[in-house]
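The values are calculated or read from the model by the stated rules, or taken from the named source; none is laboratory data. Source: prediction; values computed, not measured. Backbone-built Cβ (ideal geometry, glycine too); neighbour counts: all protein chains shown. Quick note on the areas: whole protein, heavy atoms, side chains included, nothing else; ligands and nucleic acids left out. Shrake-Rupley method; radii C 1.70, N 1.55, O 1.52, S 1.80 Å.
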Amino acid sequence: MRLRPLLAPAALCLALAAAGCSSDDSAEQSAEKSADSPAATAAESPADSTAAASPSADASEPSEPDTDTDTQEVATDQVAFDVPASWVTVDAAEAFSGDDATEDPVVQDLAARLGVTPEQAVQTFAQMDLIVTSDGERDAGVLTNLNVVHFPGALPTESAARAELRQIGATVTSIEAVETGAGDALRVAYTLEAGGGQVRSQALAVDVDGQLVTITVTAGTETTSDELTDLVVDSLTAA
């Protein structure tokens, strides 16, 4: 049970990856429509004055984020860290609460970006603290995304983390203890088969005053996954 904070984001990222890997015309049209919708603007951080862009015409071309400049800070009640400035942020606790959450324009926009229905989005993200997605650019066919969840608990051991991720079909490629501005953390990189392809994910679990916070990055390539997780690790602080 102590590994639930690590397993939950991993399983949810699997759903995200499956949606992000979809390459049919309806998914492309849905993402393009969401980029022009008022909800896209409403979901963006105030630091981002640029409207969300449509997905790349060539989904096979990876889009590597510029993590050296143009970043914005995002935060939950437990942690704060940087993401690319153009990314769209959704406060999951606010957006997915209430009986009419599927009618929320922010929820509908996020669902359109990921190629799922609003109902599926609510079911998937109801337990999330924060969801951040790229502005429409895809990385090797995957809409790069990040999510945050927290539960009471302590850091899992490396062996327990490997075993837990193995249960959902993930292949762990690296695991290491790291130091962050928010405290000691465990960084786990793994791959998942989803949507007919392979996605690269990394989970960063950190103990913040007795709360185990897990930040999970999902991308289409190892390069993008590494760069984004490096950005989070380097900028992470307790809120």
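The Cα center of region 66-143 and the Cα center of region 177-233 differ in position by 16 Å. Rounded to the nearest 10 square angstrom, Asp234 shows an accessible area of 130 square angstrom against a 1.4 Å probe. Each of Thr117, Thr133 has its accessible area taken with a 1.4 Å probe; listed largest first, they run Thr117, Thr133. Each peptide among 123-129, 219-225, 153-159 gets the average number of other Cβ atoms lying within 10 Å of its residues, and from highest to lowest they stand as 219-225, 123-129, 153-159.
Taking 0.36 nm per residue of separation and subtracting the current Cα-Cα distance, fully stretching the chain between Asp99 and Ala163 would add 19.4 nm.
Count Lys and Arg as plus one, Asp and Glu as minus one, and take only other residues whose Cβ is under 12 Å from that of Val148; the net charge is then -3.
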